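The values are calculated or read from the model by the stated rules, or taken from the named source; none is laboratory data. Predicted, not measured: the structure shown is a model, and the values here were computed from it. When we count neighbours, we look across all protein chains shown, and the Cβ atoms used for this are built from the backbone with ideal geometry, even at glycine.
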2 protein chains.
Amino acid sequence: MPAPGNVGTAAYPRIHSDRSVSFQLKAPSAQRVVLRGGAGLVKDALAMERGENGVWSVRTPPAAPGFHYYWFEVDGLNVQDPASYSYFGYGRETSGVEVPDVDSAYYQPQPGVPRGSVREHWYFSEITGKWRRAHVYCPPDYERKTRTKYPVLYLLHGAGENERGWVEQGRAQFILDHLIASRTARPMILVLDSGYAAYRQAPAGTNAWSTAIAAFEDVLLRELIPSIDASFRTRTGREDRAMAGLSMGGMQTLGIALKHLDRFAWIAALSAPPRQGFDVATAYDGVFRDADRFHRQVRLLWLGAGTAEDRFLAGTKGMHEALAGAGIQSVLFTSPDTDHEWQTWRRSLRDLAPRLFR
Amino acid sequence: MPAPGNVGTAAYPRIHSDRSVSFQLKAPSAQRVVLRGGAGLVKDALAMERGENGVWSVRTPPAAPGFHYYWFEVDGLNVQDPASYSYFGYGRETSGVEVPDVDSAYYQPQPGVPRGSVREHWYFSEITGKWRRAHVYCPPDYERKTRTKYPVLYLLHGAGENERGWVEQGRAQFILDHLIASRTARPMILVLDSGYAAYRQAPAGTNAWSTAIAAFEDVLLRELIPSIDASFRTRTGREDRAMAGLSMGGMQTLGIALKHLDRFAWIAALSAPPRQGFDVATAYDGVFRDADRFHRQVRLLWLGAGTAEDRFLAGTKGMHEALAGAGIQSVLFTSPDTDHEWQTWRRSLRDLAPRLFR
């Protein structure tokens with residue numbers, strides 16, 4: 001069948017019953033066409049075969065379920081599939097394909113499940129000198145219960161993605177709708193901002209990367225949170241504010257939230273990059289040194305990864321075990337057979353959200 | 001300067017002071033690279049020149065201000081610019097560039113101007129058998145004045161575009177923010193849906209095009225409007241409901257709204273395709289035959305086009321004049337020096353919105 005979400009009536013990409021995916025591209029002048037994409041779809045580049053009328057095609061091995069980035073490499077040039085909508089990943093717009101999962105209802109809209117809404121939230125950042133756009137999910141009853149205030153989860157995308165990732169690729173809005181409808185999760189607001197920032201004027205003697213990390217921390221704490229609290233009916237105490245992120249966003253979450261426990265009591269790292277030489281006593285300015293103190297402040301430390309993303313899984317497990325050895329409780333979640341990809345993070349959010357604000 | 005809205009710190013496209021635009025693409029293996037795009041940017045294809053390291057470049061003549069679609073044609077294949085975000089047009093994702101206008105404040109966010117918010121609105125369509133996503137703009141005070149109900153403008157995109165066009169390319173949300181802040185327009189809700197629909201089961205003996213028109217009409221009247229009225233605090237009388245659209249959407253607006261005056265009292269066609277053999281007496285089932293009756297029902301008939309889009313301007317003027325000859329009042333708006341492109345439609349919305357719901 002044509003992949004769900006193809007543009008118009010496009011016949012390709014096509015999903016086969018074994019979850020392999022067929023792709024086509026018309027490129028009569030091309031000498032060599034290759035399919036590239038996310039780890040759960042194409043481990044390495046797949047050469048495409050030229051057929052009649054200059055139409056190139058290829059069928060992948062069975063893919064992991066869920067969303068996968070992909071693109072064509074035509075004589076060395078990245079080309080997007082006209083049959084696909086675009087998704088921001090790898091620092092650019094790429095094509096994407098959704099491979100059905102037997103367990104997919106939790107991220108699909110369903111009749112009868114009350115829907116929250118995703119809103120664009122624009123705010124001017126003095127720190128960067130630029131307008132920024134966040135996406136904000138408000139739960140289903142937000143419009144009706146006009147005196148109710150809600151806890152907030154700040155949820156970050158990964159490197160190369162942007163503030164639309166959790167909506168378009170992650171479908172966070174539908175995941176929350178389901179969890180809230182079944183009373184599995186408390187109604188909450190999600191804030192999905194871009195994880196990038198650069199100081200309007202960079203401080204002297206700093207490198208671009210560390211400055212970007214610091215600039216985002218500043219934007220988050222001094223501009224985004226106040227702007228959200230001023231614009232939405234939020235609960236503003238630390239016990240009602242969570243921070244989570246995937247991959248680079250997981251690294252940012254650990255770096256920022258563990259440093260600002262006066263602002264966040266719930267912390268989650270999804271497929272965070274392994275930290276070299278993680279030492280419980282010294283990591284994150286020694287926040288793990290006093291387990292009792294840590295547990296009084298941090299209501300949840302959640303760590304997760306897919307079982308197919310070896311390096312990230314090893315780092316995540318290693319951190320969980322080192323923490324356990326030092327008497328620090330954390331939740332370890334693993335997503336079966338998924339790699340460093342959105343199906344891991346959809347499942348992560350499904351596991352994480354019900355644990356928040358309890 | 002790099003074009004506003006380039007991905008990250010991309011240096012190209014670059015805008016020059018005469019509004020010409022330079023583009024670059026690295027394509028070492030290419031034999032021929034051509035720049036294509038919207039009428040206000042490249043009238044015909046512009047051949048690009050190969051420079052060092054396989055980087056191709058070109059500088060356009062001075063472009064019209066505003067948003068322009070563009071893409072590269074590399075040896076006959078459409079290639080999007082990795083330096084650009086994607087915008088849905090031409091039935092596929094394309095690159096886009098924003099050329100500054102001296103008169104641009106009205107579609108830019110400004111500190112101090114209260115912001116409305118754009119929300120995704122998902123609804124299941126029994127008529128098409130599919131979930132549909134509309135975008136809905138709610139005015140700045142929507143969250144605070146929780147007893148206030150608002151009039152609604154249904155605003156359609158053009159052929160090849162989709163429900164994000166008025167937000168991403170048109171910046172309708174900022175235009176309305178400004179008009180509402182200055183009390184030039186009444187606070188209103190905008191509904192931006194996809195103009196495409198296909199019956200779950202197509203009626204026998206119909207062709208695809210006429211069926212698509214009818215299917216969209218059905219979706220709009222029987223599903224979208226009820227869904228919006230159930231989900232937002234709308235005023236639901238015909239005097240509080242407007243319909244407008246650009247190009248194909250203008251054609252749809254005239255076809256649907258003039259047929260359903262029990263639902264719409266305010267009607268606008270932006271750069272609608274010229275109608276062959278427009279005859280006041282017979283057009284649109286004779287709705288213009290009785291001018292008094294028409295004026296009692298229709299509070300506004302607004303027609304507009306850019307002065308550089310010859311065919312659309314001629315059709316629009318011709319219709320306006322023929323109506324005037326038959327005693328039917330309509331507003332004629334022209335956008336100086338702009339073609340069949342978004343700057344025409346941004347200006348159109350700025351002129352139109354203040355006239356609605358008065």
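Going by what's in this entry, would B:PRO65 be described as outside the structural domain of B:GLN169 (by TED's automatic domain parsing) and buried (at least 19 other Cβ atoms within 10 Å of the Cβ)?
Taking the combined requirement at face value, the residue satisfies it.
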Since A:ARG133 meets every condition but one in (1) within 13 Å of chain B (Cβ to nearest Cβ); (2) within 24 Å of B:GLY129 (Cβ to Cβ), which condition does it not meet?
(2)
Out of everything in the range B:97-124 that is more than 11 Å from chain A (Cβ to nearest Cβ) and in contact (Cβ under 8 Å) with a residue 40 or more places away in the chain, what residue ends up being nearest to the chain's Cα centre (by Cα)?
B:TYR107
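For (1) buried (at least 20 other Cβ atoms within 10 Å of the Cβ); (2) at pLDDT 95 or above; (3) in contact with a strand residue (DSSP E or B) (Cβ under 8 Å, 6 or more places away or on another chain), each residue gets a yes or a no:
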{"position": "B:ALA181", "(1), (2), (3)": "no, yes, no"}
{"position": "B:ALA197", "(1), (2), (3)": "yes, no, yes"}
{"position": "B:GLY205", "(1), (2), (3)": "no, no, no"}
{"position": "B:LEU221", "(1), (2), (3)": "no, yes, no"}
B:TRP266 versus (1) in contact with a Phe, Trp or Tyr (Cβ under 9 Å, 6 or more places away or on another chain); (2) free of Cβ contacts under 8 Å to residues at least 60 places away in the same chain; (3) within 20 Å of B:GLY327 (Cβ to Cβ): which is the lone unmet condition?
(2)
Restricting to the range B:49-82, and then to whatever is within 21 Å of B:ARG92 (Cβ to Cβ) and hydrophobic (A, V, I, L, M, F, W, C), can you tell me which residue is farthest from the other protein chains (Cβ to nearest Cβ)?
B:PHE67
Looking at (1) among the hydroxyl-bearing types (Ser, Thr, Tyr); (2) within 14 Å of chain B (Cβ to nearest Cβ); (3) touching a helix residue (DSSP H, G or I) at 6+ places or on another chain (Cβ under 7 Å), which is the one condition that is false for A:THR184?
(2)
B:LEU156 is checked against (1) over 14 Å from the mean Cα position of the chain (by Cα); (2) away from chain A (no Cβ under 14 Å); (3) closer than 26 Å to A:VAL136 by Cα and fails just one. What number does that condition carry?
(1)
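The rows are residues; the columns are (1) surrounded by fewer than 23 Cβ atoms within 10 Å (Cβ to Cβ); (2) modelled with pLDDT under 95; (3) out of contact with any helix residue (DSSP H, G or I) (no Cβ under 8 Å at 6 or more places or on another chain).
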{"site": "B:VAL7", "(1), (2), (3)": "yes, yes, yes"}
{"site": "B:ARG14", "(1), (2), (3)": "yes, no, yes"}
{"site": "B:ASP18", "(1), (2), (3)": "yes, no, yes"}
{"site": "B:LEU35", "(1), (2), (3)": "no, no, yes"}
{"site": "B:TYR70", "(1), (2), (3)": "no, no, yes"}
{"site": "B:VAL79", "(1), (2), (3)": "yes, no, yes"}
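Residues B:ALA257, B:ALA281: which one is assigned by TED's automatic domain parsing to the domain that holds B:LYS317, crowded, with 20+ Cβ neighbours inside 10 Å and either in contact (Cβ under 8 Å) with a residue 40 or more places away in the chain or at negative phi (or both)?
One residue alone meets the criteria, B:ALA257.
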Looking at A:SER125, A:SER95, A:SER117, which is the one that is touching a Phe, Trp or Tyr at 6+ places or on another chain (Cβ under 9 Å), crowded, with 17+ Cβ neighbours inside 10 Å and not assigned by TED's automatic domain parsing to the domain that holds A:THR344?
A:SER95
When the range B:228-239 is checked residue by residue, the ones that are assigned to a helix (DSSP H, G or I) and surrounded by fewer than 20 Cβ atoms within 10 Å (Cβ to Cβ) are B:ASP229, B:ALA230, B:SER231, B:ARG238, B:GLU239
From B:VAL34, B:VAL21, residue being β-branched (Val, Ile, Thr) and under 28 Å from A:GLY8 (Cβ atoms)
B:VAL34
Search the range A:174-201 for residues that are at negative phi and pair each with any residue that is part of a loop (DSSP other than H, G, I, E, B) and among the acidic types (Asp, Glu) when their beta-carbon atoms are under 7 Å apart and the residues are at least 6 apart or on different chains.
A:LEU192/A:GLU163; A:ASP193/A:GLU163; A:SER194/A:GLU163
Taking the range B:236-290 on its own, how many of its residues are within 23 Å of the chain's Cα centre (by Cα) and within 25 Å of B:GLY306 (Cβ to Cβ)?
30
Any chance the range A:20-31 includes a residue that's within 22 Å of B:VAL74 (Cβ to Cβ) and away from chain B (no Cβ under 14 Å)?
yes
Could you name every one of the helices (runs of 4 or more DSSP H) located completely within the range A:253-358 that has at least 3 residues being of a type in the set (Gly, Ala, Ser)?
A:310-325
Positions within the range B:37-48 being surrounded by 15 or more Cβ atoms within 10 Å (Cβ to Cβ) and away from chain A (no Cβ under 14 Å), in sequence order
B:GLY37, B:GLY38, B:ALA39, B:GLY40, B:LEU41, B:VAL42, B:LEU46
Restricting attention to the range B:83-93, does a residue exist that is part of a loop (DSSP other than H, G, I, E, B) and more than 14 Å from chain A (Cβ to nearest Cβ)?
no
